[in-house]
Amino acid sequence: MNYPDETGHYGPYGGRYVSETLMPALIELEQSYNLYRNDPEFKAELAYFLHEFVGRPNPLYFAQRLSEKLGIKVYLKREDLNHTGAHKINNTVGQILLARRMGKTRIIAETGAGQHGVATATVAARFGLECDVFMGAEDVKRQEPNVFRMKLLGARVIPVTSGSQTLKDAMNEAMRDWITYVRNTFYIIGSVAGPHPYPLIVRDFQRVIGDEAKSQILEKEGRLPDLVTACVGGGSNAMGLFYPFIGDKGVVMVGVEAAGHGIGNGPHSASLCAGRQGVLHGAKSYLLQDEQGQISTAHSIAPGLDYPGVGPEHSWLKDSGRAQYVSVTDDEALAAFHELCLTEGIIPALESSHAVAYVMKAAATLKKDSIVIINLSGRGDKDIHIVAEKMDSEV
Amino acid sequence: MSRIAKMFDELRGKKEKALIAYITAGDPDMATTEQLLKCLVESGTDMIELGVPFSDPMADGPTIQAAAQRALEHPFSIQAILGLVKKFRTYSQAPLILFGYYNPLLQYGLERLAHDAREAGVDGFLVVDLPPEEAADLKKAVDIQQLDMIFLLAPTSTDERIRKVSDISSGFVYYVSITGVTGARESLADMMEVSVNKIRQFTKLPVGIGFGVSSPEHVREIAGFADAVIVGSAIIKQLEAHAGMPDMLSKVGSFVKQLKEATRI
């Protein structure tokens, strides 16, 4: 069966848990998307911008020194080499082309670490659309360089002071704005989360990661990989890598969540590993919540993983057993960050470092010469202040 | 006949429209909510929407967000909220519905919720983030207990959606007057009367209007064409303004009396 079903569900997950005001807008979005997703002109325009503006295809890079150390073949899908330095722009390019076709004149987005905000501000500038980005006030403080980048790109950054003042609250506020200005506003959601059809749209715009990786590995190795892995916050880079491999039963898929200081040791962001089913931000999925259904505050050293929910399709992949989900602590991710810097000359995002950390741990259990693809979802320049603080050093 | 249907019948006989008051349970604490419920009905409120606070109130403006945040500073439980309703039922037969977001209800267990709610004296549910498309499970549980499920309609609702919402609703239909979140506003939206008349082509249920209603003048205007007027944020603002003062209840009471007076046509 192909998911989502007609009503936007992935097994019991997904759906549209939103107030009535937004239902017509979601239906309109779904109809427009269905109209354009297979439209040759739309596809050609998207392909043009992915190539010329984003810089795709990016390499599937053989990490030779790391491979030698681990005794397996590690390939890195270099999403960090995209324009704006992360995978997020694959999706924002797609959604803004959709917004233009739908005649929307204003763009809004939520952002946690600021990567999706920057990717949205970038495409809004490119197409000359007004852009407001909602960002938790805590994150505005933590991610100053990204806030400035967004401003340089002409976006208005709106600090959100409600709740925990992080990504989930930014998403609440973006929803509130959308409820208010739904007639002229297009909401570019940054992950495979939110109400249907967002998880589908974002997956479709991110699957270019897996499609490229698949043909690149076949070209380089003449066979499919044994393992594909990516970090999971909301889950868009993982879904983008996984989706084209779902039908390839021999390919093990592992999503890596952020365990913070360790599950059972304070707040973390491992919704799939340690959460339960619930409804947040328009979809049913695994969530971090208390007994009474109030949403917990998430934590990770990687700001982009700091979210108490996860995309509904990941919940379905977990329950169906097609993908496995594990977690990695802040310290393990940090060690992997340094390892990649020193062995490969690549400064990875702290988010992506979680996937690297998992492979470093799992390598001993894999057969020699196993082929592993890690999604290097973003570059780490944005994180140098966090890392410097951990090293008791200064930038 | 349900308590809600009976209320609308009686008010029709008296040529009055229903005043529905929203407050958040536990804001700022359960003892205050208990006193407020009494104050609201004694001041003429016809029906209560008791808000179940949620950490992520996506459809609420700053006033009700703040109310939820204050409420959640204390331990939260559905049982405690149902306990308030039980006490309320010892002295009032005014209809009372629970108003909130889906997740806390879902975590309590939907069948258990509907059962315990009926036992406590709750008359129905309005779940902001539960459109008809996702409501089958709760609707089933609520139907077994013969309680009402109230759904929202908005200015953006198409004919098809008005039909869908009308078909699944019972008790009354809640028309959200504006494209926007909850919150008191200076002026009312245009076109409300046109929208209400359109909704009436699809349903015989009473139509209530809420979101943005903040003054007796607003209430009077809406009472001219709708069956119920719903006031939330404006009441909570009164609470905020007089929090901790000895005359809080009398201030809220006199505000509510003015609102109720405006429903008499």
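The values are calculated or read from the model by the stated rules, or taken from the named source; none is laboratory data. What you are looking at is a predicted structure, and each value in this text was computed from that prediction instead of being measured. All Cβ positions, glycine included, derive from the backbone under ideal geometry; neighbour counts span all protein chains shown. Calculation scope for accessible area: heavy atoms of the full protein, side chains included, ligands and nucleic acids excluded. Shrake-Rupley method; radii C 1.70, N 1.55, O 1.52, S 1.80 Å.
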> Applying the Karplus parametrisation 6.51 cos²θ - 1.76 cosθ + 1.60 with θ = phi - 60° to the phi angles of the range B:132-143, what ³J(HN,Hα) value in whole Hz is obtained for each residue in order, glycine and proline being reported as x?
Replying inline: x, 4, 10, 8, 3, 5, 5, 4, 4, 5, 5, 4
> Expressed as a whole percentage, what fraction of the accessible surface of chain A belongs to carbon and sulfur atoms when a 1.4 Å probe is rolled over the protein heavy atoms?
Replying inline: 51
> If you average the sequence gap of Cα pairs under 8 Å that are 6 or more apart and divide by the length of chain A, what percent do you get for the contact order?
Replying inline: 19
> Helix-derived [θ] at 222 nm for the protein assembly as shown: sum -39500 (n - 2.57) over DSSP H runs of at least 4, divide by residue count, nearest 500?
Replying inline: -13000 deg cm²/dmol
> To the nearest 100 Å², how much accessible surface do chains B and A hide from each other in total, with a 1.4 Å probe?
Replying inline: 2900
> Which residues of the range B:121-165 bury at least 40 Å² of accessible area once all protein chains are present, versus their chain alone (1.4 Å probe)?
Replying inline: B:129, B:131, B:134, B:156, B:161
> Nearest 10 degrees, 0 to 90: what angle lies between the long axis of helix A:115-127 and the longest principal axis of chain A (Cα atoms)?
Replying inline: 50
>> Check which residues have an amide H placed less than 5 Å from residue A:134's amide H, if you skip close sequence neighbours.
In response: A:109, A:110, A:111, A:158
> Between residue A:361 and residue A:221, what is the FRET efficiency for a Förster distance of 25 Å, r being their Cβ-Cβ separation, to the nearest 0.05?
Replying inline: 0.60
> For the range B:21-37, in order, what is each residue's ³J(HN,Hα) by Karplus, 6.51 cos²θ - 1.76 cosθ + 1.60 with θ = phi - 60°, in whole Hz (x at glycine and Pro)?
Replying inline: 10, 9, 9, 8, 5, x, 9, x, 7, 5, 5, 5, 4, 4, 5, 5, 4
> Where only protein heavy atoms count, and the probe is 1.4 Å, what is the accessible area per residue for the range A:253-394 in Å²?
Replying inline: 35
>> Counting only protein heavy atoms, probe 1.4 Å: which residues of the range B:57-106 lose 30 Å² or more of accessible surface in the full assembly compared with their chain by itself?
In response: B:58, B:65, B:69, B:76, B:102, B:103, B:106
> What whole-number value in Å² describes the accessible area per residue of the range A:76-224 for a 1.4 Å probe?
Replying inline: 30
> Under a 1.4 Å probe, what is the accessible area of the range B:105-154 per residue, stated in Å²?
Replying inline: 34
> If amide H atoms are built 1.01 Å from N in the plane of the peptide, which residues on other chains or at least 5 residues away come under 5 Å of the amide H of residue B:60?
Replying inline: B:182
> Once amide H atoms are built 1.01 Å from N in the peptide plane, which residues 5 or more positions from residue A:289, or in another chain, come under 5 Å H to H?
Replying inline: A:276, A:296
>> Counting only protein heavy atoms and a 1.4 Å probe, tell me what percentage of the range B:88-233's accessible area is made up of carbon and sulfur.
In response: 46
>> Taking θ = phi - 60°, what integer Hz values does the Karplus form 6.51 cos²θ - 1.76 cosθ + 1.60 yield along the range A:100-109, in sequence order, with x for Gly and Pro?
In response: 4, 5, 7, x, 7, 10, 10, 10, 10, 8
> Picking from A:305, A:143, A:108, whose Cα lies most toward the positive end of the charge dipole for chain A (charges on Cβ: Lys, Arg +1; Asp, Glu -1)?
Replying inline: A:108
> Out of A:369, A:139, A:383, any idea which swings most in a Gaussian network model of chain A, alpha carbons joined below 10 Å?
Replying inline: A:369
> Given a 1.4 Å probe and the protein chains all in place, what does the accessible area of residue B:156 round to, in Å² to the nearest 10?
Replying inline: 30
>> Do any residues of the range A:266-307 show a loss of at least 50 square angstrom of accessible area between the isolated chain and the full protein assembly, using a 1.4 Å probe, and if so which?
In response: A:279, A:292, A:294
>> Residue by residue through A:157-170, how many Cβ atoms from other chains fall within 10 Å of the Cβ on average?
In response: 2
>> Can you return the lysines within cross-link range of residue B:257? Criterion is Cα-Cα under 26 Å, with same-chain partners fewer than 8 residues away left out.
In response: B:6, B:14, B:15, B:17, B:38, B:86, B:87, B:237
